[in-house]
1. Kindly indicate the residue of region 228-237 that is touching a helix residue (DSSP H, G or I) at 6+ places or on another chain (Cβ under 8 Å) and free of Cβ contacts under 8 Å to residues at least 24 places away in the same chain and also farthest from residue 206 (Cα to Cα) among those meeting that condition.
2. Tell me which of these residue 231 doesn't satisfy, since it passes every other one: (1) at pLDDT 90 or above; (2) more than 26 Å from the chain's Cα centre (by Cα).
3. Keeping to region 12-38, report how many residues are touching a helix residue (DSSP H, G or I) at 6+ places or on another chain (Cβ under 7 Å), part of a helix (DSSP H, G or I) and farther than 21 Å from residue 263 by Cα.
4. For residue 66, indicate whether it is out of contact with any strand residue (DSSP E or B) (no Cβ under 6 Å at 6 or more places or on another chain), buried (at least 22 other Cβ atoms within 10 Å of the Cβ), without any contact (Cβ under 8 Å) to a residue 60 or more places away in the chain and over 16 Å from residue 140 (Cβ atoms).
5. Where the second residue is exposed (fewer than 12 other Cβ atoms within 10 Å of the Cβ) and not in a loop (DSSP other than H, G, I, E, B) and the first is touching a residue at least 40 places away in the same chain (Cβ under 8 Å) and lies in region 238-250, which pairs have Cβ atoms under 8 Å and are six or more apart or on separate chains?
6. Which one of the conditions (1) surrounded by fewer than 14 Cβ atoms within 10 Å (Cβ to Cβ); (2) in a helix (DSSP H, G or I); (3) out of contact with any helix residue (DSSP H, G or I) (no Cβ under 8 Å at 6 or more places or on another chain) does residue 240 fail to meet, given that it meets all the rest?
7. Just one of the numbered conditions (1) under 18 Å from the mean Cα position of the chain (by Cα); (2) surrounded by 13 or more Cβ atoms within 10 Å (Cβ to Cβ) is not true of residue 56; which one?
């Protein structure tokens with residue numbers, strides 16, 4: 001059990017480190033590129049930027065208050081995620097949001113370039129890097145990601161569709177309320193962000209995990225507690241020591257890779273995991289919506 005505790009502690013520290021880097025990248029993108037050029041981020045941060053610009057335009061404040069409103073908007077979303085989406089995911093997501101807001105408040109708003117196109121591109125790339133590494137380690141940058149994930153479960157629409165609708169509203173408000181040039185640069189920034197996120201973390205990319213373990217039952221139970229995926233069990237033998245073991249084959253999405261590795265190593269810290277790129281899958285491969293439906297039908301709730 002001591003080994004498992006060390007692994008859990010190391011994993012938590014690693015995720016905290018990723019949250020710090022993610023928050024720093026996002027805050028730099030916001031204060032040094034996007035806000036000075038009146039280019040807006042996607043999601044709750046974009047809404048916070050719009051509120052800040054509106055308050056400055058009516059003379060309510062002469063300072064950028066995006067960080068404060070970003071934190072304020074995320075409080076009810078964090079409560080929703082805590083109740084509906086899982087405590088581990090929400091805790092790290094909200095921690096990341098708090099750090100983004102704090103850094104946005106502390107760091108000065110200073111333009112590194114007077115070219116709005118360069119600001120839009122670099123702001124989008126840095127934001128995408130921050131979001132991408134967060135998703136890769138099993139949490140998000142908070143905000144409307146949490147609301148979209150909840151609405152996706154409630155309405156059966158995909159998260160991508162809901163985020164597109166929300167971001168479209170931000171673009172339209174920016175166009176009518178600020179200037180259309182800002183709205184067009186916002187589209188460019190969001191496009192750059194999504195491309196970088198896809199490059200770092202592709203949720204629809206299929207991969208195959210080959211897990212070699214001497215604790216077959218414990219690993220299978222741990223994986224099934226987190227994921228609804230089929231597992232193929234193949235008897236095998238180690239070539240070095242000649243001891244019998246088991247090879248488990250499971251096809252997952254890259255989004256599920258973090259949960260799979262964490263569950264496997266919690267059950268067997270000496271397990272060997274080989275990750276292979278999967279060109280295509282023929283046969284039944286449950287989508288996230290089908291997994292949700294199966295969880296509701298069977299009462300299976302992933303532990304997190």
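The values are calculated or read from the model by the stated rules, or taken from the named source; none is laboratory data. Since the model is a prediction, treat every value here as computed from it, not as a measurement. Cβ atoms come from the backbone with ideal geometry, glycine included; neighbour counts cover every protein chain shown.
1. 233
2. Checking residue 231 against (1) at pLDDT 90 or above; (2) more than 26 Å from the chain's Cα centre (by Cα), the one that fails is (2).
3. 14
4. The answer is yes for residue 66.
5. Every condition considered, the pairs that remain are 249/232; 249/234; 250/232.
6. Only one criterion is unmet by residue 240, namely (2).
7. (1)
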